[in-house]
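Notes follow the structure.
Nothing in this text is a laboratory measurement; each read-out follows from the coordinates by a stated rule. Every value quoted in this text rests on a predicted model; they were computed, and no experiment measured them. Please note: Cβ atoms are built from the backbone with ideal geometry, for glycine as well, and neighbour counts cover all protein chains shown.
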Amino acid sequence: MLLETKNITSGYGQIEIVHDVSIKVKEAEVLAIVGRNGVGKTTLIKTLIGALPALNGDIYFKDENITHKKSHERARIGIGYVPQGRGIFSTLTVKENLYMGHRINDGLIQAADYERIYRYFPILKERGSQMAGSFSGGQQQQLALGRALLGNPSLLLLDEPSEGIQPNVVRDMGLLLRSLRTEDHLTVIVVEQNLELIRLMADRCIVIDKGVVVAELQAEELADPDVARRYLAI
């Protein structure tokens, strides 16, 4: 297993939101975390990246216990993160934003790493001197993904990546991530509500309700309207 959590409980202060969550994620697997709004999905992702502390339980990455590692330490050992809302620096240029991903590995990023990102997202090279805040939502998501991938993660955590993005851009993003899973053995954990994106890129889904894992599904099962309505209230 690339990542494993054992009975993780977390929340804000002493308020528990996620309760005793145990998951296993294999290398080159895409796991979608689904559920209604406000049930603990983002809290779990923030706990995996270290933005929130685990109140109980353990997190293992490549067989190493990382429960008490800081976010920047997790980034340096290969965990990338794109938060909900993308988290770009709007008053910095596109190139300056990418440099933040460059710094994750203490600057051990080569020109070839940038060129790889530019192949995925040509607009980032074309508009490198443009202020990131002037980008559209879809362009900002490309920048956020490019920045995260520049750190060469083996695990990428995505929180609602389709939010506020045009359907064609969402599909392109899903195809790219599926390709990276196949070609580079990238592992992805994604919190998502967009069923098309889930079915396009995910191998399986876990359903969270009130901070607890209540079901595990194959991505294609969400094509059934009754299943989708039951777990996502849509």
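Couple of notes before you dig in:
- Here the simple spin-label model places points 7 Å from the Cα toward Cβ, and for residue 229 and residue 179 these points are separated by 3.8 nm.
- Across 24/69; 6/70; 26/46; 69/125; 6/26, pairs whose alpha-carbon gap is larger than 24 Å: 69/125
- Estimated FRET transfer efficiency when R0 is 22 angstrom, pair residue 209-residue 172 (beta carbons, to 0.05): 0.10
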